[in-house]
Every structure is written in C-alpha cells, then in structure tokens.
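Asks: My questions all concern the structure below.
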Amino acid sequence: MRLTNRFIVFLVLSAMVLTMAGCSGSQKKGNDEWIQLFNGKDLEGWTVKIKGYPLGENFGNTFRVEDGILKVRYDQYEAYDEKFAHLFYKDEFSHYILRAEYRFVGEQCPGGPGWAIRNNGFMIHGQRPETMDLDQDFPVSIEVQLLGGDGENPRTTANVCTPGTNIVLNGALHLDHCTNSTSETFHGDQWVTVEIEVHGGEVIKHFINGVQVMEYTEPQLDERDGSYFKLLPDNGDKILTKGTISIQGESAPTDFRKIELKVLAE
C-alpha cells in the first residue's frame, strides 16, 4: 500500500512537471512570435486616408504593392498639393516591438514641402482613421520620423515628432515638435532597419540597425491641439497607452519590404 501511494504521488508530480513545461514552452513561443503586418502581396489589413479624400480612397495609387514591396509613389500626381497621406493598419496595439525595413528611392513629388525630401515615418499610438477630419494633415499620434541623407550633410533618422501630442524627455515635459535621435546618416537608396519598442504609456525606444538611438516616456495628448477634447477619454487621462500604426506619404517615394510586430507582455 505504501508503495502504491508513492507511485501515485510520482505520477501526479510527473504530470505536473510536464504540464508546467508545456505551458512554459507555449508562453515562450507566443512571446517570440512575429506578426507579419505586410503580407508581401497586397494591402490586405491596411486602409488609406489622404487629406481631402474620403477614408479608403487611394488617390493616385499612392500606396501599392509591386514585386513584394510596399511602395509609396507619386508617378500619377501632377503636383503634391499637400495631399498628406497615411496607410493605417487595422488593429490597435499597446505593448509591442514594430520592426520594418525601408529605403528612399527616386525624386520627390513636384510641389512637395522642402522639409519632406526623403522624409517618411511610422505613426504610433495614433487616432483611428475614421475619427480624422477630411482635411486633416496628420493623425494625432507619435511619429517615428524616417529620414534619408542628401549625399553630403548629416541627417539623423528615427527622430520623434509629435502631431497633437507631447512626450517626456529626460524627465521633463518636451514641447518641441520634432527632436533628433543619435543615429548615423544613411545616404542613397540603402535599406535600413528600424525598430520601435513600445511599452504602453510608459517608455518608447527607437533603434536603427539594432542600435538604440532615442528613448522617451509618457506619450500624451497635447492640450493645445484642436482634437484634444475630441480624443480625450471619459476618464480624463491624456496619457496614450495604445493606438493605431500608420505609414506616411509625405511626397518622398519610399519602399518597405518587411513590416512585422511582436506583442510584448504588459
């Protein structure tokens, strides 16, 4: 009888160990899983919003997929005319790493702003596209600004800009619209890897080719912006803890060949 009890205990403990190992393996697999936001074939899961046009109207075929590359193009434009464009992914995210490979190609669309030469970006913690006004330039969001070099002068990438928002930088509320990172300059049409590590409303980090180039905290709605009360939640908390992800179209032809996301534990 004593031997039987010991044997039963052994079986129970063995089952518990196997179950825990299985759960641990499943968690590890989930944490390591990358979601492919861009499928390499079409714009499934993405929605276009261009200033002056209704949601979903892809004027001039601005965003397209060719040869496995998501392209931002202006060959069907006569002039840019401030048609600020954004391509929104369908889901909102809070804690995650967003990783993408991008490059700038060709010449700027005629009529594009001088500051927009080789300029694109990822908008994170953004408002939903259906809440944007018809003639709104940019979604209220945090912009991870992507810039290419002019062949001669230094020009950092993975900077931060704040349309309708603010951040805390080095422990103080930061009201500048755009702030440079510490990245090197990337001239020409070379591919660059950007990673954005987002921890809800706490800390956000930017990486270029695996090197951290920026960090800030407490992304929040800007009380000076006209959309502040429209987007402020019922609890009155202006800290942004989640939101949309979108790609810009600011008159600079740009290629993206990989866009993937890994959800992080909260």
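Just so you know, all these numbers are worked out from the coordinates, no wet-lab data involved. Just so it is clear, the structure is predicted and the values come from calculations on it, not from any experiment. Neighbour counts run over all protein chains shown; Cβ positions are idealised from the backbone, glycine included.
Asks: Treating cross-link reach as a plain straight distance, find the lysines whose alpha-carbon is under 22 Å from the alpha-carbon of LYS83, omitting any fewer than eight places away in the same chain.
Replies: LYS49, LYS51, LYS71
Asks: If I model a spin label as a point 7 Å beyond the Cα along the Cα-Cβ vector, how far apart are those points for THR182 and ASN235 in nm?
Replies: Result: 3.4 nm between the two label points.
Asks: Students often get this wrong, so try it: which of [x] 13.8; [y] 19.1; [z] 15.4 is mean projected area of the Cα convex hull in nm² as calculated from the structure shown?
Replies: Of the listed options [x] 13.8; [y] 19.1; [z] 15.4, [y] comes from this structure.
Asks: Could you work out the relative contact order of region 36-263? I mean the mean sequence separation of Cα pairs under 8 Å and 6+ apart, divided by the number of residues, in percent.
Replies: After rounding, I find 30 percent.
Asks: Given labels modelled 7 Å from the Cα in the Cβ direction, how far is it in nm from LEU43 to ALA172?
Replies: Spacing of the two 7 Å Cα→Cβ label points: 4.3 nm.
Asks: How about region 97-171: which GluC sites (Glu not before Pro) there lie in a loop by DSSP and see at most 13 other Cβ atoms within 10 Å? The partial results should precede the final answer.
Replies: Details: sites: GLU101, GLU107, GLU130, GLU143, GLU152; in loops: GLU107, GLU152.
Passing both the DSSP loop test and the Cβ count: GLU107, GLU152.
Asks: Another question, if that's okay. Between PHE59 and ASP150, what is the FRET efficiency for a Förster distance of 30 Å, r being their Cβ-Cβ separation, to the nearest 0.05?
Replies: 0.60
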